[in-house]
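Q: Below you'll find the structure I mean.
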Ligand code: AP5
């Protein structure tokens, strides 16, 4: 299965991606995690990405697209993958579609995790992982970026018949069950 998880910051993408990928036996590919690991090791990619991430801005598309293309060409992703946090705008979605098409593949499903803005703010403020982008101001900005850049993907994938919108409120287990049910359909 080739899957994409879309949703606002704090919707639970990372939490659900972990469980769903393990259940389906496919690798979870999180651009946020990859960027944070690079920031942590102060690699050239991390140095480049840090200022954007700290400000809640998207890392430039060329950087992100190349990173994902390289990761998807690894052997463990040949039979499927779950993308968490990518694509994040229509331009990234077009590049992903072109790259998959070139490899004779395509996405099977896109899951939108729908959670209210107030609830995601609460979740992120109480996350307690020391993320520089989890301050009130940066969270608000990340939500604005989500609405202007990423939310249009919901319509983009609906038009292509790939979208499954799932209620992301409730317990982690309840949300996982909804996602797996949506994927069965
Ligand atoms: P990224 O790491 O993708 O951050 P995000 O989208 O803002 O999402 P979060 O990781 O904050 O939240 P999540 O939806 O994964 O929720 P989580 O499971 O953690 O990106 C960070 C930055 O990297 C971006 O701002 C950008 O700069 C850059 N970047 C990444 N991808 C990019 C791309 N494609 N293009 C350009 N730039 C990119 O859950 C949140 C909290 O809620 C946790 O504490 C969790 O325990 C809790 N929680 C989860 N589910 C529940 C539940 N059901 N009930 C109660 N609490 C819950």
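Q: Give the residue that is farthest from residue 8 (Cα to Cα), with candidates limited to residues of the stretch 88-140 that are assigned to a helix (DSSP H, G or I) and within 14 Å of the chain's Cα centre (by Cα).
A: The selected residue is 96.
Q: Could you check how many residues of the stretch 101-117 are touching a residue at least 60 places away in the same chain (Cβ under 8 Å) and either within 24 Å of residue 139 (Cβ to Cβ) or touching a helix residue (DSSP H, G or I) at 6+ places or on another chain (Cβ under 8 Å) (or both)?
A: Taking the stretch 101-117 as the starting set, the residues that turn out to be touching a residue at least 60 places away in the same chain (Cβ under 8 Å) are 105-115, 117.
From what's left, either within 24 Å of residue 139 (Cβ to Cβ) or touching a helix residue (DSSP H, G or I) at 6+ places or on another chain (Cβ under 8 Å) (or both): 106-107, 109-115, 117.
Total meeting the criteria: 10.
Q: Going residue by residue through the stretch 70-92, is there one that turns out to be closer than 21 Å to residue 145 by Cα and surrounded by fewer than 18 Cβ atoms within 10 Å (Cβ to Cβ)?
A: Yes, that holds for at least one residue.
Q: While we're looking at this one, here's another question. Applying the selection to the stretch 168-185, what residues are near the ligand (Cβ under 10 Å from one of its atoms) and either in contact with a strand residue (DSSP E or B) (Cβ under 8 Å, 6 or more places away or on another chain) or farther than 21 Å from residue 2 by Cβ (or both)?
A: Filtering the stretch 168-185 down to residues near the ligand (Cβ under 10 Å from one of its atoms) leaves 168-176.
Within the stretch 168-185, 168, 169, 170, 171, 172, 173, 174, 175 qualify.
Q: I'd like to verify a number: residues in the stretch 67-83 that are under 14 Å from the mean Cα position of the chain (by Cα) and either within 15 Å of residue 102 (Cα to Cα) or in a loop (DSSP other than H, G, I, E, B) (or both), how many?
A: The total comes to 1.
Q: Scanning the stretch 1-60 for residues that are assigned to a strand (DSSP E or B) and more than 10 Å from the ligand (Cβ to nearest atom), which turns out nearest to residue 90 (Cα to Cα)?
A: 4
Bear in mind that the values in this text are calculations on the coordinates, not laboratory data. These figures come from a predicted structure and were not determined experimentally. When we count neighbours, we look across all protein chains shown, and the Cβ atoms used for this are built from the backbone with ideal geometry, even at glycine.
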